[in-house]
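Beneath this line is the structure, given in structure tokens, with notes to follow.
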Number of protein chains: 2
Amino acid sequence: MAGIAGSDKPNIRQVADIAGVSHMTVSRVLNNYPNIRESTRTRVLEVIEELNYRPNSAARALASQRSRRIGVIVDSSSENGPASTLRSVELAARQAGYSVSSIALGSDVMSPQEALEHLTALGIDALCVIAPRSSSVSTLRTLAIGVPVLVIKADRDPTFLTVAVDQQQGTRLAVDHLASLGHRDVLHVAGPLDWLDARARERAFHSRARSWGIHERAIVIGDWTADFGYDFARTLTTLPDYTAMFVANDEMAFGVIHGLHENGFSVPRDISIVGFDDLAVSRHFLPPLTTVRQDFAALGERVVEALRAAVEGNEVPQRTAIPAELLVRQSTGPPRTT
Amino acid sequence: MAGIAGSDKPNIRQVADIAGVSHMTVSRVLNNYPNIRESTRTRVLEVIEELNYRPNSAARALASQRSRRIGVIVDSSSENGPASTLRSVELAARQAGYSVSSIALGSDVMSPQEALEHLTALGIDALCVIAPRSSSVSTLRTLAIGVPVLVIKADRDPTFLTVAVDQQQGTRLAVDHLASLGHRDVLHVAGPLDWLDARARERAFHSRARSWGIHERAIVIGDWTADFGYDFARTLTTLPDYTAMFVANDEMAFGVIHGLHENGFSVPRDISIVGFDDLAVSRHFLPPLTTVRQDFAALGERVVEALRAAVEGNEVPQRTAIPAELLVRQSTGPPRTT
DNA sequence: AGTTGTCGGCCTTGTTACGCT
DNA sequence: AAGCGTAACAAGGCCGACAAC
């Protein structure tokens, strides 16, 4: 088309013809087989460069029965955690030569089964499940999948590989921070308890609170949204008997602070607040939010490492925990002295 | 393997054998060809159901030279706008029977060329470019791509299809709001001007400000981050001679409010702030942020509609603009009277 | 007689082109 | 002409055969 003949996409045999070898030699060069003479390899690579040849991934997937694709099922992809995790998985996957196809569950009309259908129809070598509710995990447990499955969750699992940020340790950081400021009456605003992360934080909160002798009380169960936090805080018409809150994510924490403020209370003077996530805006909230940061980039890398090992038949780390980090800002202070 | 013979994935010929037809008939049933007797179609569909047969997408892509995949290049995928757009494109694509492969530009070591390389190596039927800088668009303009390309940007383009939220109209809403509150001295805090959206908002701001007789002044050019907004606001040790700011995105607006607050100024009493995006937390910021909302869901649908039409050879809408919406909250009020 | 390097043929699964009733 | 079939093809990978050193 462009004057020069053969501007169509070259295939492996054209490369072979020009290099004066068989198509299999080209294939071996491409796949780094050992038994190729150096001069042959160079010649082939030159022709590949010259023609700007790129192997056709569909043909490759068909012949090798390997798609080099990782399927990702992501629950509530609009939440910060899941979204960040997904992006980090995508990045790590690409760097490992894999592509990613993701399907969002949650608000869509999309069950785990359907999502899995879509992905297996696409042809995936491995499956990663992000930020799942326990119900999603249960469903997946009943399904025959045929490829390695990794679930991003904190607890060890008999069926799946797991990788996660250490929710327990992150929660400990938060509770220890409050306790060392002197708080002995702390409310936990949890996420929906069918979410594994929410459950893990809730359990860890109770356990750590107990060991500090923090007054045990009923927790509040939210839905991750700032709206919930706001509505809840607006119900507090008088100062409650606790002096701090450990809120399961930053968004709810924002809502809580907003609601408290509208009711005439001040953070941290009247109540201290610790969040979880460290959103980009958290340090610019009024007041800047003390929160627990999760290293999603590391998470994505561990995920891809593990799945890749599983796919390629190498030694697989059965479970990986990534440490969390506490960022102390201005939403926490000593308890009020009334 | 599992006792029953043939627990492996069935292929089209096995379906054909059991249904007593040729594999071509099965193919025709799958692709809704017209000339198939109803009874044959039913029989084939029954066998497909029974075997739980799913066509192999790699084989399909190889034979048909169509991957039913849309490649997406997304600039700064961590920003809210791009991220939301990407998710909406993914959703719309899946509903249209397409899959999506996305590559993030920006902080990564990844040029538009490389991204395009990756995607074309994967085999895509169409390309969508999200939230691009003008430099990315220029680069792409020089590249022969071979598939329909849609760029999400506000201006018409000779080379590419375009779809976008109407930045000009959205900006008008913001400026009109401030003007009708009485503001005649407004500062624009822009995004990086090599970003098409930032540039569009800046142009629209100037044009609309002029028609209201708003005092012309140098704009401030930021980088979309809350950190920038904060640093800028901290430089304002005394009240400036303007009474309102139109900030090009909510994140910077958060930073600005934070910085103003630390300098002892109050929003909106001393200065009114309008943002752009409507993040989930914007309504819970202190004060809740007046902002311009973009309908990303509609955006994704239009994108996929247009690309699909282009791929399948139907009538293509060359350019689509989606209206924006102003949300008036509490970060804006009448100008201070000093 | 072994290694090392290369070749041709057949395989993957579905679609396109054409042809026969 | 509606309804279906056969052959060729898409772009690679696997494997046995065989030549060269």
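The values are calculated or read from the model by the stated rules, or taken from the named source; none is laboratory data. The structure displayed is predicted, hence computed values, not measured ones. With ideal geometry, Cβ positions are generated from the backbone for all residues, glycine too; neighbour counts draw on all protein chains shown. Ligands, DNA and RNA are excluded from the accessible area calculation, which covers all protein heavy atoms including side chains. Shrake-Rupley method; radii C 1.70, N 1.55, O 1.52, S 1.80 Å.
For the stretch A:167-294, taking the reciprocal of the average inverse distance between every pair of different Cα atoms yields a Kirkwood hydrodynamic radius of 14.1 Å.
For B:I103, nonlocal amide neighbours, meaning residues 5 or more places apart or on other chains whose placed amide H falls under 5 Å from its own, are B:V72, B:I73, B:V74. The modelled label-to-label distance for the pair A:M24/B:E262, using points 7 Å beyond Cα in the direction of Cβ, is 6.8 nm. Do any residues of the stretch A:275-321 show a loss of at least 20 square angstrom of accessible area between the isolated chain and the full protein assembly, using a 1.4 Å probe, and if so which? Buried-area filter returns A:A280, A:V281, A:R283, A:H284, A:F285, A:L286. Position A:G313: other-copy label points at 4.5 nm, ordered by increasing distance, label point 7 Å along Cα→C-beta. Under a 5 Å amide H cut-off, with hydrogens placed 1.01 Å from N, A:T290 pairs with A:G275, A:R329, A:Q330, A:S331, A:T332 among residues at least 5 apart or on other chains.
Remark: label point of B:G20 defined 7 Å out from Cα along the Cα-Cβ vector; separations to the same position in other copies 5.9 nm, ascending. Taking the protein heavy atoms of the stretch A:78-141 in the context of the full set of protein chains, the accessible area attributed to carbon and sulfur is 50 percent at 1.4 Å. For the residues B:F160, B:F285, B:F228, a GNM of chain B with alpha-carbon springs under 10 Å puts the largest fluctuation on B:F285.
In this structure, the amide hydrogen of B:T320, modeled 1.01 Å from its nitrogen in the peptide plane, lies closer than 5 angstrom to those of B:T162, B:V163, B:A164, counting only residues at least 5 positions away or on a different chain.
Per residue, how much accessible area does the stretch B:167-294 have with a 1.4 Å probe, in Å²?
Value for the stretch B:167-294: 34 Å² per residue.
On a per residue basis, the convex hull of the C-alpha atoms belonging to the stretch B:1-150 measures out at 155 Å³.
Based on the alpha-carbon set only, what is the convex hull volume of chain A divided per residue, in Å³?
177 Å³
Annotation for the A:B interface, with buried accessible surface near 3600 Å², both sides summed [1.4 Å probe; non-protein components not counted]. Inter-copy label distances at B:T159, using a point 7 Å along Cα-to-Cβ, come to 5.0 nm with the shortest given first. Value of Rg to Rh for the stretch B:12-55, rounded to two decimals, is 0.90; Kirkwood radius and Rg both from alpha-carbon coordinates. All C-alpha to C-alpha distances of the stretch A:256-295, sorted into 10 Å bins beginning at zero, yield P(r) values of 30, 53, 16, 1 percent in whole numbers. Computed over the protein assembly as shown, the Cα gyration tensor eigenvalues convert (square root of 5λ each) into semi-axes of 48, 34, 23 Å, ordered from largest to smallest. Could you work out the longest stretch of chain B that avoids the GluC sites (Glu not before Pro) located in DSSP loops with at most 13 other Cβ atoms within 10 Å? The segment B:1-215 is the longest one with no such site. Average 1/r across all pairs of distinct alpha carbons in the stretch B:105-195, invert it, and you get the Kirkwood radius: 15.5 Å. Beta bridges per DSSP, both residues in the protein assembly as shown: antiparallel share near 10 percent.
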